[in-house]
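Note sheet for the following structure.
The values are calculated or read from the model by the stated rules, or taken from the named source; none is laboratory data. What you see is a predicted model; the values in this text were computed from it and never measured. Here the Cβ positions follow ideal geometry from the backbone for every residue, glycine too, while neighbour counts run over all protein chains shown. Each accessible area value is taken on the protein alone, full model and side chains, heavy atoms only, with ligands, DNA and RNA left out. Shrake-Rupley method; radii C 1.70, N 1.55, O 1.52, S 1.80 Å.
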Amino acid sequence: MSAANGPDRFDPYEEEPDGTGPADRPWIPTPRSSVEDTGRPLPDVTAAEPAVLEHHVLKSLLGAWALAACAPEEAAAVEIHLGECGACAEEALRLRDAVGLLHAEESLDLDPLLRSRVLEGCLTRRPARIPVPGWATPYDSETARLDALLQDIGDGEWHAPVRLRWYEGAEQVGKKTTVAGVIAHLTSVDGLVARALGLEDPAPSLLDPTARTKAYWQASYFPPTRAVRAPWREQSHSVIRTVSFAGSDQGGAGGSGQLPVSYGNFELALRDAMIDRAFECWIHAGDIADAVDYPYEAPPPRHLNRMIDLAARLLPGSLAARRRHGLAAPARELVGAGRPGRSLRLEVEGAGGGEWLIALDSPAAVGSDEREVAHVALDGVEFCRLAAGHVLPEEAAAGQVGDREAIQDVLSATAGLSRL
């Protein structure tokens, strides 16, 4: 017999030893809910004639009156009495305060989607005079989310230890820093975009992201503190303002989104560099959130899709670079630029996912359905963690079918996209 029907549990339908059943027992009514909570119209107490009741009856009605559960004539009589009897008025006030405590507590935390809903509501009424380009909105969103996290932590948490991780060669490496050190790192690398836009660059003599970060850290006589937040936030605002004033474009050759941003040994178009910086901001915000035990969600699906798409488009180049260093299998079938070649189908599941055909033998080749030799399926967030170097290729939870060598090379090339 289950515990629910055990001998110690009361059964309302069980007969007593004397033969009486539930119908013979006194019935205890359930608590009455306030009429204010039912959605029904309140009674018109102004039109009701007050009932003539004795003091002890009026006093017994105070609880029902506090719950707005009195008949109209009773409520009118109670309210007249409260103006004449100080003791009952004091008791009525205490009961009214107690009624407020009966309502369920509500969270004081703001809905994380509140900002986007407010902006959407405002823009449907009056479009922005200078809109943010679509390719810059993920960066705008992720910097705002990280800034909200930073404003919510205490002074001591800025020194919480954080381990930055990325993938070099065939292994994962890391660097210990603090929350403030992470923001200093973001400031130094975001400066590459600021530099391309003609804005002030915090490390003007360097292009390599790793070298810039180390120089920025070493330039401080003391470990970075929360003082790094203001320069980082002002820089992100300046970048967003500048790309917005430059005007939106659809990716044409002359558009502002095609402005080259140099990372030292490679370049990205501005529209891709902004997605790259949004991705880094989200990943490092997650590192900070883990360090200070703060809940942090993935980006919205439309932004996550842009990040995954950029990583997928960079994979052929990453694979070719690893092949030049002897870290991937040699190309099997070289084809001319723009020609279909051997391909791996990358299926990213979940919100923001999709399918991409990755050219395996040449970065200039085109992915082809007919030349597909392998198929890999990963969750969207898991794929991004792999691209950030937070997950090792052999540990990535993936569905794999086809050429095992090609699959391993592509997973390793995905991790190879990561850097400090």
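Annotation for Ala211 and Val366: the two label points, set 7 Å from Cα along the Cα-Cβ direction, are 3.9 nm apart. The stretch 308-366 and the stretch 264-285 have Cα centres lying 19 Å from one another. Computed from label points 7 Å out along Cα-Cβ, the spacing between Glu394 and Ser220 is 3.6 nm. Sorting the segments 312-318, 413-419, 68-74, 259-265 by their mean number of nearby beta carbons within 10 angstrom, highest to lowest, gives 413-419, 312-318, 68-74, 259-265.
Full extension of the chain between Arg163 and Leu327 yields a length gain of 56.5 nm, computed as 0.36 nm times the residue separation minus the alpha carbon distance. With both labels modelled 7 Å from their Cα along Cα-to-Cβ, the Glu355 to His237 distance reads 4.6 nm.
Leaving ligands, DNA and RNA out of it, rank Phe245, Phe279 by accessible area with a 1.4 Å probe, largest first. List each step's numbers first, then the result.
Values: Phe245 145, Phe279 25 Å².
Sorted descending by solvent-accessible area, the residues read Phe245, Phe279.
Each residue of the stretch 336-343 was assigned a 3J(HN,Hα) from its phi angle through the Karplus expression (A = 6.51, B = -1.76, C = 1.60, θ = phi - 60°), giving x, 4, x, 8, x, x, 4, 9 Hz with x at Gly and Pro.
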